[in-house]
Structures are given as structure tokens and as C-alpha cells.
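No value in this document is a laboratory result; all are computed from the given coordinates. Computed from a predicted structure; not experimentally measured. No Cβ is skipped: glycine too gets one built from the backbone with ideal geometry, and neighbour counts run over all protein chains shown.
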């Protein structure tokens, strides 16, 4: 039986920052979810421990090449430019994907004590090998949060951040 995971909440900060002990990822608009895969079944559980629907997404994720796994991520819908569209997710008009940013359990092994960067490497390998269009790897940048913020701001607004 897989353990229940209570995901860390996001922490709001006033200003972008750089730090050698941090990795930085894009934040998409969606539903935070932990995917539990075992016994040919996928459960998507919200940060408030509620079962989420998204049956087509579950059917895709259950085909991943694992015996069991726990994946932390965000359920999102993307437009043609790769921008998350929360209204498409709410109205169930878009195709939801799991934007995965952490792998907490894999094939009977609890990875929670591993360094995050090592878990992300395993997650990246899993996403590549799965070839599942409904599972996306959350890329990251190490140490340079200000650079990521500036690039995201420029892309979103068309003006340098």
C-alpha cells in the first residue's frame, strides 16, 4: 500500500531571488495533485486530500511503465503556445495533462529522503521512457530564480523583466 502524501504548499515571496540551495520552476494555473499509481489504477488526490476526476488523464497515467509510483504535480490544460488555461480545465473543454515536478515513490522504493534534484532526474527518465503525451516534466533552473522570473515575465508581457 502506498503512503498518503501531503504536498508542501507553495510559499509566496515578494521578490524573485537567487540561492544556491534552491531550484526554480514555472508555476502553471491548475489543480495541485498527487498521482498514486498501483494495481492498474490511478488516483488523483488534491492537496486537500480530495479525489479528483479527470478520467481520461487517469487512463493515460495508469499505462506508465511502473509497478507503483507517487508523482506530485499540477493538472493543467495548455493552449497552442504552451500557456496554462485554467478556464479550459474548469470547464473540462481542454485535454488535461499532469505537469509533474516530483517523484516521491517508484516501484516499491520510497524516494522522499533522496535529494530533490535526484528525484527529478528519475522523474525525467520516467517521463522520457513513458512517451505519454499527458505527462509533462516540469523543467527547472538551479540557483537563478531571478533569471527564470525575468524570462517568464518577458515571455508573458513582451517586455524585458
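Residues in the range 85-98: is at least one in a strand (DSSP E or B) and either over 15 Å from the mean Cα position of the chain (by Cα) or within 22 Å of residue 129 (Cα to Cα) (or both)? Steps first, please.
First, the residues of the range 85-98 that are in a strand (DSSP E or B): 97-98.
In the following step, the residues that additionally are either over 15 Å from the mean Cα position of the chain (by Cα) or within 22 Å of residue 129 (Cα to Cα) (or both) were identified as 97-98.
The answer is yes, given that some residue of the range 85-98 is in a strand (DSSP E or B) and either over 15 Å from the mean Cα position of the chain (by Cα) or within 22 Å of residue 129 (Cα to Cα) (or both).
Could you list, in sequence order, all residues of the range 8-31 that are part of a loop (DSSP other than H, G, I, E, B), under 13 Å from the mean Cα position of the chain (by Cα) and surrounded by 16 or more Cβ atoms within 10 Å (Cβ to Cβ)?
The answer is 26, 28, 30.
Can you tell me which residues in the range 103-146 are free of Cβ contacts under 8 Å to residues at least 24 places away in the same chain and outside any loop (DSSP other than H, G, I, E, B)?
Selection gives 109, 118, 119, 121, 122, 124, 125, 128.
Could you tell me whether the range 32-46 includes any residue that is in contact with a strand residue (DSSP E or B) (Cβ under 8 Å, 6 or more places away or on another chain), surrounded by 18 or more Cβ atoms within 10 Å (Cβ to Cβ) and on the phi > 0 side of the Ramachandran plot?
Among the residues of the range 32-46, not one is in contact with a strand residue (DSSP E or B) (Cβ under 8 Å, 6 or more places away or on another chain), surrounded by 18 or more Cβ atoms within 10 Å (Cβ to Cβ) and on the phi > 0 side of the Ramachandran plot, which makes the answer no.
Of the conditions (1) surrounded by 15 or more Cβ atoms within 10 Å (Cβ to Cβ); (2) in contact with a helix residue (DSSP H, G or I) (Cβ under 9 Å, 6 or more places away or on another chain); (3) within 17 Å of residue 130 (Cβ to Cβ), residue 76 fails just one. Which one is it?
(3)
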